[in-house]
Amino acid sequence: MSTNESILEVTDLRTSFFTEGGEVKAVDGVTFDVPAGKTLGIVGESGSGKSITAMSILQLISHPGKIKGGEIKFRGKNLLDLSEKEMRKIRGNQISMIFQEPMTSLNPTYTVGQQIRESYKIHQGLGKKEGSKRAIEMLKLVGIPSPEKRLDQYPFELSGGMRQRVMIAMALACKPDLLIADEPTTALDVTIQAQILELIKELQDELGMSVVMITHDLGVVAETCDYVAVMYCGKVVEYADVRTLFKNPRHPYTVGLLKSLPRSDRDQEELTPIKGTVPSPDEMPVGCRFAPRCPFATNLCHEKLPSLDDVGDGEQIRCWIYTDEWNGDPGVKVYEPERTTEG
Amino acid sequence: MANQNIEQNTDHSEVELQAMNVKKPSPWKDFYKRLKRNKAALIGFYTIVFLSIVSIVGPFLLSMDPSDVDVINKFSRPSAEHWFGTDHMGRDIFTRIVYGMKYTLGVGFGSVFLGAIMGVPLGIVAGYYGGRIDNFIMRLIDILLAFPGILLALAIVSILGGSLVNVTIAVAIYAIPGFARIVRGSTLAAKKLEYVDAIRALGSSDLRIIFKHILPNVSSPVIVNATLYIASAILTAAGLSFLGMGAQPPMPEWGAMLNDGRDYIFDAGYIAFFPGMAIVIVVLAFNIFGDGLRDALDPKLKN
């Protein structure tokens, strides 16, 4: 794992949903670290379990979902051992979360001020006057002009980008140590996306917090993250620092993701999509989850699930190719870097 | 780049601020404006207001007492002296109807209020917590629903004894399932809203979420349901009194008066006619007002 001190260590986290069709393992043994002051990106397709992982960290999973096991250590303390009441003191205070849709993440019937004051009221017991003062400071911090006027406005009077700024102000009101951003820019247009990512980065430096950035956009990862965990079907398949991941991806799934991404710095004839689709939860392969779509898969891959192993340089891979048991072509090249245009 | 953005945003905000200066109608005015479009609902609304005022002020303006027996003038036809005539004991029917108004409205509002007080929390708890709690509560509600309304009320009144208060309680118990079901449904929808997740992620307690974010979302179906239920509560109460299980004589309750007039319906029909009409008018007023209210409170039907 990383050499830095970790603020959050998730080990073997398992979250399932118990539906009428049986148990759906949305998160199935997820392990990762968030080094203090750094940004971890969690990347994956829809349904890979990245949002459920985030919700599990804050224990916001509701019926019929359940956290079945594992460990979520925040500052050395296992969050899963805490009572609901103790957990409430952590939510919004030490760990905060921002959501994908700024249009629906704010209650349309309360003013911006009332909603930001909520954080101060819950965690610091501040009244309206003091709360408003702090709320104005927060709005200033997230770059909202004339915050005094904004305080009495309703969410529908603000643009999407503004609303996301308000969401960030709410989440950061109590200066948390860890911010979980669940696709914070997906619903915004491209220019606003860049602004919001920039803002999160600035605030991270200013407040010294760590960030978990959940996204399906590798562009966002490249721009903002220090470390990346790639998820597929409820499992982490590759964990690496961002430079290594983009320069030398090792897991066939990561390689597939990168190949299906248009890049401006490479000569690229055409994009290569990953063949097939994500398997549905009730017909999950017994071996490696990615085996049915993997161009290198052997009978070993189809029969046995590989474990998440260290491969040096703080990198972890869940793939048979990098183990001694590999029975396919020993010289297999999962990733061949294409020539860059800059030479 | 950041500075530029802020400048742009400032320009933007000026436009927004100007837009802000356009006066926003208050929620009440807005609501009344939409209600006004439905003429029938408006008539229902004013009828209810008028009757409520009459039930409070009326008794002070009348010279007669509802229990004044005037045997010489029994069975008088409607006249200038006795507007709606007198009954078999010579009591003035108009006076009795005015005095009876407060019982009718009292049973209507009282039972619905009681029913809502019990049904709304049940529905919220069932919808919000889900799982076994939901199952337990909703199966109890199903059991309640398995009895036909008037039969359940009859059973309760025969256990508790016949009086107007007991009728109110009986009708209230029958109102619980309606409220619980409607509220559970709205809570299920409200719980899934992203801002409820967001506020939970901020560390809000369940109670706080329920009161500040769920309750406002379920309030409009509750109000509509309550208004419509008042009408049927009044009918049920009048029915029970008609059967002799509710208001006891000489209370001027409309259902009981209807029963009094039953024996003379062919010779002196007005004894039953006026209380009957009174019930029809009140029930109709609540029904058309409730319908209009539903349209007015539905944001999808705005404009």
Considering only region A:126-149, state which residues are on the phi < 0 side of the Ramachandran plot and under 26 Å from the mean Cα position of the chain (by Cα).
A:Met138, A:Leu139, A:Leu141, A:Val142, A:Ile144
Within region A:211-266, residues being part of a strand (DSSP E or B), over 25 Å from A:Cys288 (Cα atoms) and in contact with a Lys or Arg (Cβ under 7 Å, 6 or more places away or on another chain) number 0
Subset tally (residues that are assigned to a helix (DSSP H, G or I) and either in contact with a strand residue (DSSP E or B) (Cβ under 8 Å, 6 or more places away or on another chain) or hydroxyl-bearing (Ser, Thr, Tyr) (or both)) for region B:74-111
6
Output the number of residues of region A:86-113 satisfying the condition of being in a helix (DSSP H, G or I), out of contact with any Asp or Glu (no Cβ under 7 Å at 6 or more places or on another chain) and more than 9 Å from chain B (Cβ to nearest Cβ).
2
Go through region A:118-176 residue by residue and tally those that are facing chain B (nearest Cβ under 10 Å), of a type outside the set (Ser, Thr, Tyr) and farther than 17 Å from A:Ser96 by Cα.
12
Heads up, the helices (runs of 4 or more DSSP H) in region B:1-73 (entirely inside) with at least 3 residues that are modelled with pLDDT of 85 or more and closer than 24 Å to B:Ser220 by Cα are B:39-61
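Among the candidates A:Thr19, A:Thr15, which residue alone is open to solvent by 20 Å² or more (accessible area, probe 1.4 Å), β-branched (Val, Ile, Thr) and more than 11 Å from chain B (Cβ to nearest Cβ)?
A:Thr19
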Would region A:42-58 turn up any residue that is open to solvent by less than 10 Å² (accessible area, probe 1.4 Å) and assigned to a strand (DSSP E or B)?
yes
Can you name the residue in region B:75-103 that is within 29 Å of B:Phe45 (Cα to Cα) and small (Gly, Ala, Ser) and is also modelled with the lowest pLDDT among such residues?
B:Gly85
State whether one or more residues within region A:291-305 are open to solvent by less than 30 Å² (accessible area, probe 1.4 Å), assigned to a loop (DSSP other than H, G, I, E, B) and at pLDDT 90 or above.
no
The condition of being more than 28 Å from B:Leu235 (Cβ to Cβ), at pLDDT 90 or above and not aromatic (Phe, Trp, Tyr) holds, among B:Gly131, B:Gly106, B:Gly127, only for B:Gly127
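Among the residues of region B:53-80, how many are in contact (Cβ under 8 Å) with a residue 40 or more places away in the chain and either open to solvent by 30 Å² or more (accessible area, probe 1.4 Å) or farther than 23 Å from B:Asp92 by Cα (or both)?
6
The values are calculated or read from the model by the stated rules, or taken from the named source; none is laboratory data. Source: prediction; values computed, not measured. Every residue, glycine among them, receives a Cβ derived from its backbone with ideal geometry; neighbour counts consider all protein chains shown. Accessible surface areas use protein heavy atoms only, side chains included; no ligands, DNA or RNA. Shrake-Rupley method; radii C 1.70, N 1.55, O 1.52, S 1.80 Å.
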